[in-house]
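J.: Supplied in structure tokens, the structure appears directly below.
The values are calculated or read from the model by the stated rules, or taken from the named source; none is laboratory data. Source: prediction; values computed, not measured. Glycine also receives a Cβ, built like all others from the backbone with ideal geometry; neighbour counts cover every protein chain displayed. What goes into the accessible areas is simple: the full protein's heavy atoms, side chains included, and nothing from ligands, DNA or RNA. Shrake-Rupley method; radii C 1.70, N 1.55, O 1.52, S 1.80 Å.
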Amino acid sequence: MQSYGNFIGGEWRAASEIRPNLNPSDLNDRIGDYAESGTAEVALAAEAAAAAQPRWQATGIQTRADILDKIADEMFRRTDEIGRMVSREEGKTLAEGIGEAHRSAQIFRFFAGEAMRNMGETAASVRPDLAVEVTREPLGTVGLITPWNFQLGIPAWKIAPALAYGNCVVLKPSELTPGSACMLADIIARSGLPEGVFNLVMGSGATVGQALVDHPLIDGISFTGSVATGERIAASAVRRMARFQLEMGGKNPLVVLDDADLKIAVDCAAAAYTVSGQRCTSSTRIIVTSGIHDRFVAALAERVAAIKVGHAFDPETEMGPVVDEVQLQKDLRYIELGKSEGGRLVVGGELLDRPHRGHYLSPALFAETTNTMRINREEIFGPVTAVIRAGDYEEALALANDTTYGLSAGICTGSLKHARHFVRHAQAGMVMVNAPTGGADYHVPFGGRKRSSYGPREQGTYARDFYTCVKTAYIRP
Ligand code: NDP
């Protein structure tokens with residue numbers, strides 16, 4: 001069995017402790033053994049990043065852009081192979097895995113361009129003999145902590161802007177999905193980056209993640225994951241005044257009004273089961289007004305029942321397994337809870353036998369639920385959605401906003417008036433009209449409100465706000 005170590009200071013270092021990486025579609029398929037590191041490896045990586053920071057910061061924008069372009073080139077060339085690893089270790093379908101690999105390449109290409117566009121501003125001073133210059137400098141060394149569900153895309157959208165704006169990186173991927181991070185690190189290692197600019201340390205969040213957050217040589221932490229972990233990271237980072245950015249969970253509402261196009265509404269709702277529902281932007285609360293409610297539930301139930309669940313590599317598969325046994329048990333607990341709270345399980349929610357031993361669950365749809373039930377208040381992060389009935393648009397909007405989360409919100413309607421009103425009044429960072437709540441472009445800001453996000457937005461030009469420090473200079477000629 002091949003064993004993969006960490007990438008620190010420009011070299012791969014053999015792991016002393018390892019953890020097996022299993023394919024959730026086929027638990028007999030052991031993908032490899034990956035480093036289970038400790039605090040010593042984090043310290044080495046932080047020191048390597050800090051030592052490389054002055055040189056990388058001084059490296060010209062053309063060189064930075066060229067290196068990011070080179071990473072993008074190789075990723076585009078190897079999209080199928082990389083996508084296969086993404087699907088193999090996470091369980092998303094091959095189409096989803098390849099799509100993620102392609103998107104990650106696009107992100108590196110985009111930030112190659114952004115490295116060249118890091119413009120400043122000039123202003124007149126209120127003092128006549130001075131000129132004012134506002135420029136952006138790199139934040140410094142950044143620790144990037146990422147989850148398992150978009151295990152390539154999320155590292156890509158953190159690493160690319162970090163490098164573009166002159167920061168050195170230590171990446172700590174989820175220990176459930178280290179394979180994609182290793183492939184990405186291997187590509188980055190051959191891109192011509194000076195040693196120490198990019199480092200990869202694998203291991204558990206409690207040990208490696210926490211040590212990264214606490215390390216005094218790490219200037220900033222960009223985190224994506226659950227609210228509980230985000231809160232812990234925030235408290236630790238504040239203690240030493242390190243900059244931090246948190247992208248966390250969601251309980252995203254999709255409002256379906258009486259005048260919605262039924263097919264569009266069902267398409268949008270069914271999109272909640274992509275990546276086996278393990279997306280922070282999935283529509284897990286579907287709020288439907290009375291006039292269309294019964295037709296909508298019947299049509300969605302038919303669609304959900306037809307979703308083909310199977311091995312991620314099977315071309316017939318429309319939904320792969322869930323990521324691991326812990327997540328599977330969590331999904332099952334919430335399905336039982338939904339029933340005991342009085343929700344009607346319309347379809348799915350059962351363990352499935354497949355030729356390969358894996359974490360197979362049929363997609364579950366609840367109806368007749370209320371917004372006070374725990375299945376509608378807590379993030380499940382699996383293939384489970386619930387329909388809530390609303391009397392009219394005003395009630396639907398109030399229900400949509402009645403949540404501690406605020407990542408994405410959607411509405412399906414033929415009414416421009418209601419669509420515009422919803423865009424203005426939905427308490428979410430991203431709002432979709434006649435489109436699924438999941439699925440975002442990479443050149444525009446991504447992020448939420450309330451307990452879904454903290455700090456500057458990620459992606460697009462807005463990524464610069466986290467990865468740079470603003471400097472205002474007053475100059476007497
Ligand atoms: P977790 O919060 O469990 O883990 C996220 C990362 O944090 C992992 O690498 C984990 O390590 C690490 N970690 C855990 N504890 C600590 C700690 N004390 N200090 C530092 N790092 C730590 O989330 P999941 O991986 O389970 O991902 C699912 C969550 O991610 C969902 O809530 C989902 O909504 C959210 N998410 C949000 C997105 C967004 O952009 N808003 C996008 C995608 C997902 P390890 O697990 O390896 O031990």
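J.: Check off (1) of a type outside the set (S, T, N, Q); (2) open to solvent by less than 30 Å² (accessible area, probe 1.4 Å); (3) out of contact with any helix residue (DSSP H, G or I) (no Cβ under 9 Å at 6 or more places or on another chain); (4) over 24 Å from Gly429 (Cα atoms) for Ala189 and give me the number that stays unchecked.
T.: That leaves (2) as the condition not met.
J.: Just to check your reading of the model, which residue among Glu96, Glu133 is on the phi < 0 side of the Ramachandran plot and part of a strand (DSSP E or B)?
T.: Glu133
J.: Can you pull out the residues in the range 173-190 that are over 20 Å from Val42 (Cβ atoms) and in contact with an Asp or Glu (Cβ under 6 Å, 6 or more places away or on another chain)?
T.: Correct list: Gly179, Ile187.
J.: Only one of (1) of a type outside the set (Asp, Glu); (2) more than 15 Å from the ligand (Cβ to nearest atom); (3) assigned to a loop (DSSP other than H, G, I, E, B) fails for Val255. Which number is that?
T.: Going through the list (1) of a type outside the set (Asp, Glu); (2) more than 15 Å from the ligand (Cβ to nearest atom); (3) assigned to a loop (DSSP other than H, G, I, E, B), Val255 breaks only (3).
J.: Of the residues Val134, Val170, which single one is among the hydrophobic types (A, V, I, L, M, F, W, C), touching a Gly at 6+ places or on another chain (Cβ under 7 Å) and open to solvent by 30 Å² or more (accessible area, probe 1.4 Å)?
T.: One residue alone meets the criteria, Val134.
J.: With the checklist (1) more than 16 Å from the ligand (Cβ to nearest atom); (2) over 30 Å from Gly60 (Cβ atoms) in hand, flag the one item Arg190 doesn't pass.
T.: (2)
J.: Are any of the residues in the range 62-72 of a type outside the set (S, T, N, Q), buried (at least 21 other Cβ atoms within 10 Å of the Cβ), outside the structural domain of Ser276 (by TED's automatic domain parsing) and more than 18 Å from Asp186 (Cβ to Cβ)?
T.: Yes, the range 62-72 contains at least one residue that is of a type outside the set (S, T, N, Q), buried (at least 21 other Cβ atoms within 10 Å of the Cβ), outside the structural domain of Ser276 (by TED's automatic domain parsing) and more than 18 Å from Asp186 (Cβ to Cβ).
J.: Continuing with the same structure: Which one of these does Gly166 not meet: (1) in a loop (DSSP other than H, G, I, E, B); (2) near the ligand (Cβ under 10 Å from one of its atoms)?
T.: Here Gly166 clears every test but (2).
J.: Kindly indicate the residue of the range 280-301 that is open to solvent by 10 Å² or more (accessible area, probe 1.4 Å) and touching a helix residue (DSSP H, G or I) at 6+ places or on another chain (Cβ under 8 Å) and also farthest from Gly153 (Cα to Cα) among those meeting that condition.
T.: Arg295
For every residue, the table says whether it meets (1) surrounded by 15 or more Cβ atoms within 10 Å (Cβ to Cβ); (2) outside the structural domain of Gly349 (by TED's automatic domain parsing).
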| site | (1), (2) |
| --- | --- |
| Ile380 | yes, no |
| Gly391 | no, no |
| Gly410 | yes, no |
| Tyr442 | yes, yes |
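J.: Quickly run through the range 203-249 and pick out the residues that are touching a Ser or Thr at 6+ places or on another chain (Cβ under 7 Å), open to solvent by less than 30 Å² (accessible area, probe 1.4 Å), part of a helix (DSSP H, G or I) and within 6 Å of the ligand (Cβ to nearest atom).
T.: Val213
J.: Does at least one position in the range 31-49 carry a residue that is part of a strand (DSSP E or B), of a type in the set (Gly, Ala, Ser) and in contact with a Ser or Thr (Cβ under 9 Å, 6 or more places away or on another chain)?
T.: Checked the range 31-49: at least one residue is part of a strand (DSSP E or B), of a type in the set (Gly, Ala, Ser) and in contact with a Ser or Thr (Cβ under 9 Å, 6 or more places away or on another chain).
J.: Against the conditions (1) away from the ligand (no atom under 15 Å from the Cβ); (2) in contact (Cβ under 8 Å) with a residue 60 or more places away in the chain, where does Arg424 fall short? Just the number, please.
T.: If we test Arg424 against (1) away from the ligand (no atom under 15 Å from the Cβ); (2) in contact (Cβ under 8 Å) with a residue 60 or more places away in the chain, just (2) comes out false.
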